[in-house]
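Colleague: After the structure tokens below, expect a handful of questions from me.
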Amino acid sequence: MSDVEVSEKIRRRSKRRRLLTNRNFTCLLAARLGSSMANGFLPVAESFGILHTTGSASDLGLVLGVQAAVSLALSLFAGVAADRFPRAALLVVSSIVRLTAAATLAIGLLTDTATLAWFFALAVVYGGADALFGPASMAIMPDIVAREDLDEANALVGAFSSLAWTVAPAAAGFVVAAYGSGAAFLVESVLMAVITLCLVFAKIPARREAEPDHEGGTVTQLKQGWQEFRKRPWLWLLTLQWTLFSMVLLAPLAVLGPLVADTHLGGPAAWGVIGTCMTIGVLCAEFTSSRIKPKRPVVFIAWLPPLIVFEAVALGSGVPTVVVAGAAVLSGCAIGLQGVFFQTLMQRAVPSKVLGRVAAFDLMASEIAQPVGFAVAGPLGILFGLRPVLVGCAVVAVVGTALFALALSKVEPPELQVQDEPHVPDSGSEATVG
């Protein structure tokens with residue numbers, strides 16, 4: 001091992017040690033992990049709770065649709081709140097509201113008094129509170145972590161959150177099978193209580209930057225956030241690239257992938273293996289992402305989406321499950337790297353005082369076209385065949401995202417190119433906030 005490699009290894013260990021001895025970061029990490037676990041629990045508990053209550057798959061679709069719509073509709077206002085109010089307080093409020101909603105439904109299910117209206121109420125309340133959590137949890141990171149540690153911090157949060165998201169559905173299925181959906185919502189409530197305690201114990205410090213000018217109403221604040229988002233071509237081009245990619249590939253893959261697995265690969269077990277391999281790829285990438293130091297991070301991020309198509313191409317090519325699983329690992333690696341590097345870049349490049357609103361615009365724009373992909377994937381699969389549609393979607397996704405990548409190679413500002421990081425001494429258990 002060369003001296004440079006040894007030095008880099010020591011630097012990474014020092015960075016990770018600083019983070020794991022920083023009480024604020026470890027509490028936030030625990031809260032993010034718990035939130036991912038709770039969100040992974042929710043679909044299983046909710047699905048079986050509705051089916052047990054009404055027996056209607058259409059009711060389930062309506063409730064899930066309402067929940068997603070509320071979360072997306074409130075994302076911009078959540079971004080304004082994340083820049084206007086103390087972010088730690090917003091996270092606590094979000095957790096308490098979700099705790100209350102889950103506990104109420106748990107009581108209703110355990111006492112056999114819950115009706116479909118209860119689930120619609122949960123969808124509205126939980127979806128709104130979850131929307132509040134997203135921008136604030138992302139924007140708060142620069143408030144508690146030194147700039148040079150953001151890459152490692154996002155890698156740790158992403159990896160543990162992905163692991164929790166993977167474990168949660170299986171655990172929820174066990175709880176529902178053994179004790180019923182009411183017990184699963186009770187576990188959801190306990191997770192929310194733990195998140196709340198972690199955030200209260202953290203005592204998140206003041207922001208690094210001066211508070212924004214709060215004159216004007218919500219519309220004015222949104223305009224300011226939009227201006228910050230719009231004036232960075234690299235940011236909105238990356239967002240539009242992901243908008244196209246999620247509509248053209250991710251949504252059709254979510255709809256047609258399980259059907260291909262069920263029709264040609266042996267059923268749900270095969271799809272479960274493929275999903276697990278995708279998660280393994282994500283985890284590997286997130287745990288090792290801090291070792292990668294691209295000189296042009298925007299260009300690096302832009303060329304990752306074309307690599308995510310491996311799973312869709314494999315599913316559409318008629319290869320065995322083991323080959324599809326290997327392709328899913330590669331796709332997962334690209335997804336994991338994209339998530340960590342994009343969040344880190346946005347946290348470093350966007351001022352903290354507007355970061356919540358900018359993150360909200362990115363979130364809304366990234367997901368707004370997915371319903372179109374969900375809606376057309378099924379009819380296209382019936383008309384042209386499941387496998388040909390997946391391959392066609394992959395081709396369109398590669399061409400479209402590659403064009404964005406070529407455009408992004410010409411707009412990346414020099415200040416976003418990675419320079420050698422200064423040495424930061426080990427500061428002990430608390431991050432310095434100034």
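Colleague: Take VAL200 and tell me if it is open to solvent by 30 Å² or more (accessible area, probe 1.4 Å) and modelled with pLDDT of 90 or more.
Modeller: So VAL200 does not fit the description; no.
Colleague: Identify all residues within region 161-188 that are over 28 Å from GLY339 (Cα atoms), touching a residue at least 12 places away in the same chain (Cβ under 8 Å) and in a helix (DSSP H, G or I); write none if there are none.
Modeller: If the condition is that a residue be over 28 Å from GLY339 (Cα atoms), touching a residue at least 12 places away in the same chain (Cβ under 8 Å) and in a helix (DSSP H, G or I), then VAL175, VAL176, SER181, GLY182, ALA183, ALA184, PHE185, LEU186, VAL187 are the ones that fit.
Colleague: Tell me, yes or no, whether region 140-153 has at least one residue that is open to solvent by 10 Å² or more (accessible area, probe 1.4 Å) and assigned to a loop (DSSP other than H, G, I, E, B).
Modeller: Yes, there is a match, as at least one residue in region 140-153 is open to solvent by 10 Å² or more (accessible area, probe 1.4 Å) and assigned to a loop (DSSP other than H, G, I, E, B).
Colleague: Here is a follow-up. Kindly indicate whether any position in region 283-293 is crowded, with 18+ Cβ neighbours inside 10 Å, more than 29 Å from LYS410 (Cα to Cα) and out of contact with any strand residue (DSSP E or B) (no Cβ under 7 Å at 6 or more places or on another chain).
Modeller: Checked region 283-293: at least one residue is crowded, with 18+ Cβ neighbours inside 10 Å, more than 29 Å from LYS410 (Cα to Cα) and out of contact with any strand residue (DSSP E or B) (no Cβ under 7 Å at 6 or more places or on another chain).
Colleague: Scanning for something under 16 Å from the mean Cα position of the chain (by Cα), within 30 Å of ASP59 (Cβ to Cβ) and not assigned by the TED database to the domain that holds ARG291, does region 120-127 turn up at least one residue?
Modeller: yes
Colleague: Considering each residue of region 215-235, count those that are touching a residue at least 12 places away in the same chain (Cβ under 8 Å) and either in contact with an Asp or Glu (Cβ under 9 Å, 6 or more places away or on another chain) or in a helix (DSSP H, G or I) (or both), and give that number.
Modeller: So the count comes out to 11.
Colleague: While we're on this one: Go through region 203-242 and count every residue that is at pLDDT below 85, among the hydrophobic types (A, V, I, L, M, F, W, C) and surrounded by 16 or more Cβ atoms within 10 Å (Cβ to Cβ).
Modeller: Within region 203-242, residues that are at pLDDT below 85, among the hydrophobic types (A, V, I, L, M, F, W, C) and surrounded by 16 or more Cβ atoms within 10 Å (Cβ to Cβ) number 2.
Colleague: Quick test for you: out of GLN347, GLN338, pick the one residue that is modelled with pLDDT under 85 and open to solvent by less than 50 Å² (accessible area, probe 1.4 Å).
Modeller: GLN347 is the lone residue from the list that is modelled with pLDDT under 85 and open to solvent by less than 50 Å² (accessible area, probe 1.4 Å).
Colleague: Further, regarding this structure: Please find, within region 1-31, the residue that is modelled with the highest pLDDT out of those that are surrounded by 15 or more Cβ atoms within 10 Å (Cβ to Cβ) and of a type in the set (Val, Ile, Thr).
Modeller: Checking each candidate, the answer is THR26.
Colleague: Looking at (1) modelled with pLDDT under 90; (2) surrounded by 22 or more Cβ atoms within 10 Å (Cβ to Cβ), can you tell me which one PRO371 breaks?
Modeller: (2)
Yes or no, residue by residue, for (1) touching a residue at least 40 places away in the same chain (Cβ under 8 Å); (2) outside the structural domain of LEU390 (by the TED database); (3) open to solvent by 40 Å² or more (accessible area, probe 1.4 Å); (4) touching a Pro at 6+ places or on another chain (Cβ under 9 Å):
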{"residue": "PRO258", "(1), (2), (3), (4)": "no, no, yes, yes"}
{"residue": "ILE280", "(1), (2), (3), (4)": "yes, no, yes, no"}
{"residue": "ARG296", "(1), (2), (3), (4)": "yes, no, yes, no"}
{"residue": "GLU311", "(1), (2), (3), (4)": "yes, no, no, no"}
{"residue": "VAL322", "(1), (2), (3), (4)": "no, no, yes, no"}
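Colleague: Output the residues belonging to region 287-324 that are charged (D, E, K, R) and over 21 Å from LEU156 (Cα atoms).
Modeller: Across region 287-324, the qualifying residues are LYS295, ARG296, GLU311.
Colleague: For region 355-368, how many residues are open to solvent by 70 Å² or more (accessible area, probe 1.4 Å) and modelled with pLDDT of 85 or more?
Modeller: Residues meeting the conditions: 0.
Colleague: Could we say that ALA131 is buried (at least 17 other Cβ atoms within 10 Å of the Cβ), out of contact with any strand residue (DSSP E or B) (no Cβ under 8 Å at 6 or more places or on another chain), in contact (Cβ under 8 Å) with a residue 60 or more places away in the chain and not in a helix (DSSP H, G or I) here?
Modeller: Against the criterion (buried (at least 17 other Cβ atoms within 10 Å of the Cβ), out of contact with any strand residue (DSSP E or B) (no Cβ under 8 Å at 6 or more places or on another chain), in contact (Cβ under 8 Å) with a residue 60 or more places away in the chain and not in a helix (DSSP H, G or I)), ALA131 does not qualify.
Colleague: Right, here's the next one. Given the conditions (1) closer than 17 Å to ILE274 by Cβ; (2) among the polar types (S, T, N, Q); (3) modelled with pLDDT under 90, and given that SER289 satisfies all but one, which numbered condition is not satisfied?
Modeller: (1)
The values are calculated or read from the model by the stated rules, or taken from the named source; none is laboratory data. Here the structure is a predicted model, which means the values were calculated and not measured. We place every Cβ from the backbone using ideal geometry, glycine too, and count neighbours over all the protein chains shown. Ligands, DNA and RNA are stripped out before the accessible areas are found, and what is left, the full protein with its side chains, is counted by its heavy atoms. Shrake-Rupley method; radii C 1.70, N 1.55, O 1.52, S 1.80 Å.
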